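Each reported figure results from applying straightforward, stated rules to the coordinates on display, with no laboratory input. Everything numeric here is computed off the predicted structure, so don't read it as measured data. Cβ atoms come from the backbone with ideal geometry, glycine included; neighbour counts cover every protein chain shown.
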Amino acid sequence: MAEKINEIGLSRADYKGKPSTLCLGCGHNAIVAQVIAACFELNIPPENVIKVSGIGCSSKAPTYFMDRSFGFNGLHGRMPSLATGALFGDTSLIGIGISGDGDTASIGMGQFKHVTRRNVPMLYIVANNGVYGLTKGQFSATAEEGLALKKQGHNRYVPVDIVWEAIAGRASFVARSFSGDPKQLKALIMAGLHHNGIAVIDVISPCVTFNNQDESFHSYAWGKSHEVALHELSFVPPVRAIKVDYAEGENLEVPLYDGTHIILKKLSQDYQPNDRAKAMKMLEEANKKNELVTGLIYINPQQRSLFDLYNLPETPLNRLKADQLRPSPESLDEINQLMY
Amino acid sequence: MAESKNKSNPAEQRLSGVNEFSINIGTVNGSGSQTANLTILRAIFKMGIPVSGKNIFPSNIQGLPTWYKIRISQAGYAGRRKQADIVVAMNPSTFTADQDDLVEGGVFLYDEEIAHPIDREDMILVPMPVKRIVREAKPHKDLRKLVANMVYVGVLANLLGIEMEPIQQALEFHFKGKASPVEFNMKIIELAYQWAEENLNLDLPYRIEPRNLTDKAILVDGNTAGALGTIYGGMHFVSWYPITPATSLPESILEYAPKLRVDPETGKHTYVIIQAEDELAAVGMVVGAGWAGLRAMTATSGPGLSLMAEYTSLAYFAEIPIVVWVVQRVGPSTGLPTRTAQGDVNSTYYLGQGDTQHILLIPGTVNECFEFGWKALDLAERYQTAVFVLSDLDLGKNQWMTEPFEYPSTPIDRGKVLWEEDLEKIVDEWGRYRDLDGDFIPYRTVPGNRHPKSAYFARGTGHDDFANYSEHPSTWEKNLNRIKNKINSSRKELPAPIISLQPGAAIGLIAFGSTNAAVREALDYLQEDGVKLDYLRLRALPPSPEALDFIREHDKVYVLDNNRDGQMHGILALEVPEKALDMVSLAHIDGLPISAEWIRGQILQEEKL
């Protein structure tokens, strides 16, 4: 069988990274696979992507996809600032940040809040397993109260809900998915990649080694049995024939800024993801019922992104010529006149 | 030893008289005194006499005591003097202490409403009817307190011979041409001048006489100079977090960049400024921007510098160009936020975990703040590393007279950056950390390069020549040694030390940064004392071979530090261990700029004169 080629003439092999060194069966590997699939299917040249991450198992993930993209494995909890600075180099680039629950919700909570508030245009995936893997099994801030770990005993504290924090932090695109649900995850990643602003996707990604007890909500068994998908999702890229197989009246189209749109097929709830207060209320009710809500939970495609707030030239800043950067000698004469 | 105490102080002999004296003004913080003080400073400057001003201010918005020290010096001395010839006491709470600042027989001006006792009999007293003069001018009641300080401007103008025209010019400059505040302040100044003319009949030795010594000079603070240097250096990206005394540097960029860095054709900005949520984020953004091919800088002071340690270590090891301005204040801890020091030499030089050692540029004049502003961006990109500019509060926040800023003498240097066509030529040999030229500096690509082989994975973890993760012992060692060699190779390319020699001198003095002003003055006194000293002003770390030769070639070398432990002395002693015992540390820290008198006293004592 001939290898499948996308519209820019690349095969899946052009999107591959280094072999994964994560544990066999790690949820993060499934996330990596969907990032590759989404970028391949959206015909994104790998050179147009910047991959950034912090520190932790999750943050190793960018090594395992798209070798032809620039990547930066930064500091623990401080990927948002790195990404903010880097993306200004050439604002036509697509930022993909991969973080973890420790990286985002513990050490990195401050920068996470500010990157959402600034609406830095990038995809921000949190591979959330409720546990520190690289240091071999400590609680993260998303671990649920009462969870037992081998050396730590029972967790005393209530967990941080990353989706809740992202919405409160005024992120313009907030979703949750499950690493065991490739179809939904891919649709969300594709939509996130087309969103003009920060797209936070909290992906419950079970740790097979340190936190995969059946009663933990970061486990496969729990995730599969308690997952409540808000919608069935389809992402529709531009200039493609739109094939909708849902009955009229059951679908909600959410147009994104660049002409693409996402189609939500309503399930049991009549949920519209464009109201921040309703989103938070829905999350609170789901929490009470011990349900893990997945899908697109909040979106505001109109919210101005960080780049919209700056009066930047068309040429990427990092390609400006030296004479565009240094003011004239005459201007310095004028400045000297002012110094008194 | 007894002799040395009796030895007359040349400072006292020569530093009082026409165009050679100092004024200490004690006021209340937030009372508008800065306008009055700058008006005096600028008017004297306009009359052609070298002048400088130091603001000794509290960490406070309003209400605590603040002092402004104006040094008028035809000879060009700009260092802090211990005592002033004229004291203006406007603040009841410091009235008694302010008397101690006055030289014997000096002039003591004060608000006559202050009822505190006068302790000294030698002073020439000038009680000023501040309230009466202000009332006569009929200000709006909200303004009464803010304009009261103009009274001493008028009285001093009369006593010292400061002309009204330059005072008017200074006010017009200060209020950016707005007519009504200029008129109103002038009215008070004229009334006070008139009062002094009619009521005071003093024959003072202190006079301002017009000269033409400032025609080719400018009056500016180091932070403004550093900001402008950064703008002319072609910075693209600034991220910062407010901290005293660095804040005014990025704020000056905010003020000037919109005028200077707009593309004339498109009206677009060629730079980005972000106020970050903290110093961790400020430096993180700068590292991201530097990696992506932007000339990026941040500015901070001691506490913020501590927070930047981790990202700085990453910039060093992943070889990302960034510039960090460190405007030093007094540590440890929160310390004295509004006072000056050189206490972050070590913490800057070695900032970060593991074996790190950075390039430091150390300006000693405000003019050098401008020059090093643009040079730092060139050096950071050339050496692909963090470059620090080590300034301090005295240099950064005070008004200094200096030569006009000189346009950068060399074109912008972007270092070894490969774009698509550059990479294509060497694509077979290229690896991000591969030393292709044998100069320890690899070639780098930046995000946005669309060549399919341009990408690499930057990381703070161990890596090989191709930026792949590696824990291999020899790979690690080879890479880290290359980085060390790279930094060391900069020694000859950094701003060279400035050396002034005296014939027959066998001993030397090394200083750096803002103490330069006091050192130059002290050298003159010491020459009169019969002490011959060669002077080397260090302008960068790691030190240049010339600086090390200077140490080797002298029998004894003093090293002056405005910190407790003699940090620069320690660094230099490690560089020339065979001369360590011949190096004498002169270290002092009390929050104030080091004075010429202190330097002279220490050296006389050491030389047993």
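Points to keep in mind about this one:
- Candidate lysines - alpha carbon under 20 Å from B:K484, same-chain residues fewer than 8 apart omitted: B:K416, B:K492
- Distances between placed amide hydrogens fall under 5 Å for A:D67 paired with A:K16, A:G17, all partners being 5 or more residues away or on another chain.
- Taking 0.36 nm per residue of separation and subtracting the Cα-Cα distance, full extension of the segment from B:L501 to B:Q605 would add 35.2 nm.
- Taking every DSSP helix (H) stretch of at least 4 residues in chain B, weighting each as -39,500 (n - 2.57) and dividing the sum by the residue count yields a mean residue ellipticity at 222 nm of -11000 deg cm²/dmol.
- Relative contact order (%) - criterion: Cα under 8 Å, at least six apart; region: region B:64-201: 17 percent
- Neighbour net charge for A:G100 - beta-carbon separation under 12 angstrom, K R +1, D E -1: -2
- Close amide H pairs (under 5 Å, H built 1.01 Å from N) link A:V49 with A:F70, A:I94, residues at least 5 positions away or on another chain.
- Of the trypsin sites (Lys or Arg not before Pro) found in region A:147-203, the ones in coil according to DSSP and having at most 11 other Cβ atoms within 10 Å of their Cβ are A:K150, A:K151, A:R156.
- Mean ellipticity per residue at 222 nm, deg cm²/dmol - from DSSP H runs of n ≥ 4 across chain A, formula -39500 (n - 2.57): -7500 deg cm²/dmol
- Per the Cα gyration tensor, the protein assembly as shown maps to an equivalent ellipsoid with semi-axes of 60, 33, 25 Å, ordered largest to smallest.
- Between the amide H of B:S585 and those of B:V559, distances stay under 5 Å, these residues lying 5 or more places away or on another chain, with hydrogens modeled in the peptide plane.
- Placing R0 at 45 angstrom, the Cβ-Cβ distance between B:D582 and B:E113 gives a FRET efficiency of 0.20 after rounding to 0.05.
- Efficiency of FRET from Cβ geometry, B:R450 and A:D275, R₀ 41 Å, rounded to 0.05: 0.50
- Computed on region A:121-181, with alpha-carbon pairs under 8 angstrom and 6+ residues apart, the relative contact order is 19 percent.
- Relative contact order (percent, whole number), chain B, Cα cutoff 8 Å, 6+ residue spacing: 13 percent
- Set of lysines near A:K281 by C-alpha distance (under 24 Å), chain-local residues within fewer than 8 positions excluded: A:K113, A:K224, A:K265, A:K266, A:K289
- Here the Karplus curve 6.51 cos²θ - 1.76 cosθ + 1.60, taken at θ = phi - 60°, turns the phi angles of region B:197-207 into couplings of 4, 7, 10, 10, 9, 10, 10, 8, x, 8, 9 Hz, with x standing for Gly and Pro.
- Sum of side-chain charges, A:T116 neighbourhood, beta-carbon under 9 Å (Lys, Arg +1; Asp, Glu -1): +3
- Residues of type lysines that A:K16 reaches as a straight line, Cα spacing below 25 Å, ignoring anything fewer than 8 places off in the same chain: A:K4, A:K51, A:K60, A:K183, A:K186, B:K453
- Acute angle (nearest 10 degrees) that the helix B:516-529 long axis makes with the longest principal axis of chain B, alpha-carbon atoms: 60 degrees
- Beta bridges assigned by DSSP with both partners in the protein assembly as shown are antiparallel in approximately 40 percent of cases.
- Estimated vicinal HN-Hα couplings, Hz - region B:75-80 in sequence order (Karplus 6.51, -1.76, 1.60; Gly, Pro = x): 6, x, 6, 10, x, 6
- The simple Förster model, with R0 at 41 Å and r as the Cβ-Cβ distance, assigns B:S409 and B:E265 a FRET efficiency of 0.90.
- Evaluated over region B:84-187, the count of Lys pairs having alpha-carbon atoms less than 19 Å apart is 8 (only pairs 8 or more residues apart or interchain).
- Shown in residue order for region B:20-31 are the 3J(HN,Hα) couplings computed by the Karplus curve 6.51 cos²θ - 1.76 cosθ + 1.60 at θ = phi - 60°: 8, 6, 9, 10, 10, 10, x, 9, 9, 4, x, 9 Hz (x for Gly and Pro).
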